[in-house]
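Okay, so here's the structure we're looking at.
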Amino acid sequence: MFNFYANKMKFKIRILSLLVLLLSVIVTANAAVLTKTEDAGTTITGTVTDKADGKPIIGATVNVPDLRHGTITDVNGHYKLDNLPKGVYLVQVTYLGYATFNQRVDFGKTTTLDIQLQTSSLEAGEVVITGVSKATEIKRNPVPMVAVGKTYLDQRAGAGNAIDMIANLPGVSAVTTGPNVSKPFIHGLGYNRVVTLQDGIRQEGQQWGDEHGVEIDQNSIDRVEVIKGPASLSYGSDAIGGVVNLITPSPVPDGKVLGSIQGTYGTNEGLLNGSFRLYGNNNGLVWGTILSAKEAKDYQNQHDGRVYATNFKEKDARFMIGLNKSWGTSYLNASVFDDQQAIPDGSRDSLTRKFTKQVTEDDLSRQVVSPSELNSYNIPVLHQHVQLYRIYNNSNFNLGSGNLIVNLGYQYSHRREYTHPEDAGVAGLNLHLSTYTYDVKYNFNLGKGYETTAGINGQYQNNTIGDATDFPIPAYHQFDIGPFLIMKKSFGKLDLSAGGRFDSRSFHGQAAYIDTAAGKFPQLYTGSDPNNAPNVVPQFAALNKTFTGFNGSFGGAYNFSDHFLLKANIARGFRAPSIAELSANGPDPGSQIYHVGNNNFKPEFSTQEDIGAFLTLPNVSFSVELFNNNIQNYIFQQQELNADGSPVITQGYNTFTYVQSKARINGGEISLDVHPISWLHFENSLALTYGQNLGTGGRVADSLKYLPFIPPLHSHSELKANFSKGFSNLKNIYAFFGFDHFSAQDRFFAAYGTETYTAGYNLLSAGIGAEVVNSSGKPVMKLFIEGTNLGNVNYQSNMSRLKYFDNANVPAGVQPGIFNMGRNVSFKVVVPFDLSPHPKS
């Protein structure tokens, strides 16, 4: 039976490998055809001016989001878009200090489009491409969403990774294990319940694990779009909580070769983050590269001093080449992510409370970590090494009266944890995960204005175990497939959308046995007849499971006027259990626990209702969004206890098992943005999430009635000044002062000591920045300074796993666990350059 599945798996890998090879063929073939038969397609020209005085606006961005095709207005406010396909697409024009212009344009009938922008102090008209058939204004999309662009991301200079950059958005948070390990949570759901995308391609890399983050270079992200709620309709299983789409830079305008050099320094952990970017466009042949490297020492706070084993080193590289032509677009992307991350365990000297480290395998005594080690960039012997290699293609072809979108990708994730202090080269954990993703959909108009998307997407995964000594999950292969249909129709002021999808996910896990006498460390048994071999014990039973489910959504947005609208949506989500939840049976040293799965689990199904009201006035914007999410068969971990109440210890780790229950998560967000004068903003938001365990019938004990990792009430206020015109050679000047309040979290999963009460805290932040321009107005440097936790508050976030890292016996009167980062000031410098060829005179 094993050989049958192995041969079947090899056959599938060969077939799917051919799909990856076809990615480059798509680009090469199209390039060859277009070289012989030049088709310039549609060209649109126009001028962008100020509506009040008619003067040209220099440097406005004119963009077609669906095509990732755009340009910038010249000194006369003039723009030109070449190689546009025929069809109706949304055109967006943005410039700081002006209201965003959005209009659908028929490229087959329009050759000239002059645009007037109106001054506005409100940021409105945001457009998204995630989870919709075509680029859509957020206000016309019933699904709750939020999006931020490069300006917002640049000003978060102190963010440690791609997820930290958005963790303060209303409804969004992150579970962290130090400054470089963050996993996105949306409305209290994370891990395998939130799908992270890069350019619409699923990010896959052992999401069930606690101690590593999202394997994406933060320096390569120019935009982030977040779906706050079930997105299984578009993205299948695992999107039951939402989607985070991290979007890389769009191609530069035709005829341009543009780049930048960027450097960031953080005072708290000595962060050094450098990045080089270069992008070009020659008559629609586009290319680009981003090279990055960052490293940091152990972070510090007043309570703990420097926190041992929170340092890291990361290297990243990506390259893109593609075509932007009248037939559509096709981009081939390749990237490498390489991260070495220390593994903290929180152990301390019983007298001095200084951090200690493991130095022997038996771990009978520990050494106090020296000051020089705490202040070093060197990665300790005990660390994890995570590498992810990715190649993917995003193509958008004009086909008939619609467009065909094809997204194909391959990822190889290699995750190792080195946990043996006397055998530095021996990996405790060694997992190899290969993932092939496919997403094919056709957008067309069905009848009179019914925007329709029919598609199918999914993935194939193969996980193998390399030479290792710890085996938390088995080798397995998994196949997902899900056809779907989405329709949208506008009836004047009313926009309605609906859709349905059927999902299927199948697992085939391999049985595995451990040879306990193979050497110094346990090893997988590779011989025959393991049931009769001496010193061989079973680790994993064979697994063959298939999960299916139907999900769908229906919603509407009604624009009562240009100033007020209501949105409502109801969605059913589906999630199949992960391989860890089904089959785990082993320690994960990085997470400090022993996992135990259950192969009798049922899939999760959720029903979420969302409603939102949005008011936009000349100087005030206000919104209220509420949600209620009921989840059947909710899976979570709880600690196992002995009869006397003490923790069950397996192979030196606390044992956690997965269980299922009914659950309800509800809450909402309120936002108020006041602009008393054009250059001054006072932004406020409040987010509240409740998570309740409803049990499986009967009364739920008080210690069990709340769900784990639910963020507390969080309010954010920010007073910000923007001076886009600036002074002399300084332009786009900004300064802000922020205040964050996190209430105490007294609704926590208290059973078995899994979670504990978390005190409330307040954090202060501030920032300033500007763009330096030369005498002709071209930018020569951008400066960003951000200070976080300026009050140097000692606090513990309930979303930080380090809160629970400590010795088993903590002295009385001492707050156990590790505290979050203290005061940090980050300095970021971006130096742009232009290598564009000069036009011939």
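Each value in this text was obtained by applying a stated rule to the coordinates, not by laboratory testing. No experiment lies behind these values; they were computed from the predicted model shown. Note: ideal-geometry Cβ built from the backbone for every residue, glycine included; neighbour counts use all protein chains shown.
Under unit Cβ charges (Lys, Arg +1; Asp, Glu -1), what dipole magnitude, rounded to 20 debye, does the chain have relative to its Cα centre? Could the numbers behind the result be given before it?
Details: 67 positive and 71 negative charges, 385 e Å.
Value, rounded to 20: 1860 debye.
Per residue and in cubic angstrom, what volume does the convex hull of the Cα atoms of the stretch 603-722 have?
Working: hull volume 20.5 nm³, N = 120.
In the stretch 603-722, the Cα convex hull volume per residue is 171 Å³.
Can you give the translational diffusion coefficient of the stretch 39-120 in µm²/s, computed by Stokes-Einstein from the Kirkwood radius over Cα pairs at 25 °C and 0.890 mPa s? Could the numbers behind the result be given before it?
Numbers: Rh = 12.7 Å.
Estimated via Stokes-Einstein, D reaches 194 µm²/s.
Taking only the alpha-carbon atoms of the stretch 153-312, what semi-axes of the equivalent ellipsoid follow from 5 times the gyration tensor eigenvalues under a square root, in whole Å, largest first?
Values: eigenvalues 147, 118, 28 Å².
Output for the stretch 153-312: semi-axes of 27, 24, 12 Å.
Please report, in whole Å³, the volume per residue of the convex hull around the C-alpha atoms of the stretch 736-841. Each step should come with its number before you reach the end.
Details: hull volume 18.5 nm³, N = 106.
Looking at the stretch 736-841, the number lands at 175 Å³ per residue.
Give me the distance between the Cα centres of the stretch 811-828 and the stretch 363-412, rounded to whole Å.
The stretch 811-828 and the stretch 363-412 have Cα centres spaced 26 Å from each other.
Would you mind checking the radius of gyration and Dmax of the stretch 219-318 based on alpha-carbon positions, in Å?
Answer for the stretch 219-318, Rg first and Dmax second: 18.7, 58 Å.
How high is the FRET efficiency from residue 703 to residue 814, r the C-beta distance, R0 22 Å, rounded to 0.05?
Details: r = 24 Å, r/R0 = 1.07.
Between residue 703 and residue 814 the formula returns 0.40.
Quick one: what do you get for the stretch 414-549 if you divide its Cα Rg by 2.2 N^0.38 Å?
Numbers: Rg = 23.4 Å, N = 136, 2.2 N^0.38 = 14.2 Å.
Taking N as the residue count of the stretch 414-549, the ratio is 1.64.
For the chain, state the average projected area of the convex hull of the C-alpha atoms over all orientations, rounded to one decimal in nm².
Numbers: hull surface 145.1 nm².
If I average the Cα hull's projected area over directions, I get 36.3 nm².
Over what distance in Å are the Cα centres of the stretch 93-116 and the stretch 420-469 separated?
One Cα centre to the other: 37 Å.
Show me, bin by bin at 5 Å from 0, the whole-percent P(r) of the stretch 239-278 based on Cα pairs.
P(r) for the stretch 239-278, in whole percents per bin: 6, 14, 14, 13, 16, 14, 13, 8, 1.
Given +1 on the Cβ of Lys and Arg, -1 on the Cβ of Asp and Glu, and no further charges, what dipole in debye does the stretch 468-598 carry about its Cα centre, rounded to the nearest 20? Write out the running numbers ahead of the final one.
Working: 10 positive and 9 negative charges, 143 e Å.
The calculation lands at about 680 debye.
From the helices alone, meaning DSSP H stretches of at least four residues, give me the mean residue ellipticity at 222 nm for the chain, per-run term -39500 (n - 2.57), in deg cm²/dmol to the nearest 500.
The per-residue figure over the chain is -2000 deg cm²/dmol.
How big is D, in µm² s⁻¹, for the stretch 523-603 by Stokes-Einstein at 25 °C and 0.890 mPa s if Rh is the Kirkwood radius over C-alpha pairs?
Values: Rh = 17.7 Å.
Taking Rh from Cα pairs, D becomes 139 µm²/s.
Step through the residues of the stretch 825-832 one at a time and calculate ³J(HN,Hα) from phi using the Karplus curve (6.51 cos²θ - 1.76 cosθ + 1.60, θ = phi - 60°), rounding each to whole Hz and writing x for Gly and Pro.
10, 10, 10, 10, 10, 10, 10, x
Report, to the nearest 10°, how far helix 2-36 tilts away from the longest principal axis of the Cα atoms in the chain, using its own Cα long axis and a range of 0 to 90°.
Around 20 degrees separate the two axes.
Treating only the Cβ of Lys, Arg, Asp and Glu as charged (+1, +1, -1, -1), what charge dipole size does the stretch 39-120 show about its Cα centre? Round to the nearest 20 debye.
Working: 7 positive and 8 negative charges, 27 e Å.
Around 120 debye, computed over the stretch 39-120.
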